[in-house]
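Colleague: So that we are looking at the same thing, I have put the structure below in structure tokens.
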Amino acid sequence: MDLRKLKTLIDLVSESNISELEITEADGKVRIVKADPHAVAAPMMMAAPMPAAAPSPRAAAAMAADEAEAAAAETAAAETGHVIKSPMVGTFYRAASPGGKPLMEIGSTVKSGEPVCIIEAMKIMNEIEADESGTIAKILCENGQAVEFGQPLFVIDRRV
């Protein structure tokens, strides 16, 4: 695999929501893992070894900002109530069908086990259920937004 193709793959991983990419070709195997802004993407070649490349400064700054924003949102949410977190990576939807009525609005009363949103993962629609009863205090994601595992989705005020 030539160096230009490898650099393109590293840039794609750096600028996307994926954290790992592995490609096998006749002339070798490349595995790029994005762990944190200071991680090094290390290609594993069976043929001639290639130098490792770090994420671009722009991608590293964006990843650091995303992590700081998520941590700040979770901290603020934890102070005000119970946080429902995403159990998977996927796409967040507030309604069960396109153009449908949202499952939950701010101020909606929710019971434990009641669906609060849909997360689409690998073309499968997964109902996400509340793990606590209360009132929806905050909705932390936009409809159609990509979400990560453990990302805060809702804040529930348990004082019902």
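Colleague: Output the number of residues of segment 1-26 satisfying the condition of being closer than 24 Å to Val147 by Cβ and either in the same structural domain as Glu148 (by TED's automatic domain parsing) or of a type in the set (D, E, K, R) (or both).
Modeller: 4
Colleague: Filter segment 12-33 for residues that are assigned to a loop (DSSP other than H, G, I, E, B) and farther than 20 Å from Ala121 by Cα; which is modelled with the highest pLDDT? Even if it seems obvious, please write down each step before you answer.
Modeller: Step one: of segment 12-33, the residues assigned to a loop (DSSP other than H, G, I, E, B) are 16-19, 26-27.
From what's left, farther than 20 Å from Ala121 by Cα: 26-27.
Working: Ala26: 73, Asp27: 70.
So, considering only residues that are assigned to a loop (DSSP other than H, G, I, E, B) and farther than 20 Å from Ala121 by Cα, the one modelled with the highest pLDDT is Ala26.
Colleague: Turning to a different aspect of this structure: Tally the residues that are within 16 Å of Ser108 (Cβ to Cβ) and small (Gly, Ala, Ser), restricting the search to segment 118-160.
Modeller: 4
Colleague: Examine segment 93-113 for a residue that is at pLDDT 90 or above, touching an Asp or Glu at 6+ places or on another chain (Cβ under 6 Å), surrounded by 14 or more Cβ atoms within 10 Å (Cβ to Cβ) and not in a helix (DSSP H, G or I), and state whether such a residue exists.
Modeller: Within segment 93-113 (the criterion being at pLDDT 90 or above, touching an Asp or Glu at 6+ places or on another chain (Cβ under 6 Å), surrounded by 14 or more Cβ atoms within 10 Å (Cβ to Cβ) and not in a helix (DSSP H, G or I)), the answer is no, since none of the residues qualifies.
Colleague: Let me ask something additional. Can you tell me which residue in segment 114-160 is nearest to the chain's Cα centre (by Cα), limited to those that are among the charged types (D, E, K, R) and assigned to a strand (DSSP E or B)?
Modeller: Residue satisfying both the conditions and the ranking: Glu120.
The values are calculated or read from the model by the stated rules, or taken from the named source; none is laboratory data. In this text, all values refer to a predicted model and were calculated from it rather than measured experimentally. Reconstructed Cβ throughout: ideal geometry from the backbone, glycine too, with neighbour counts over all protein chains shown.
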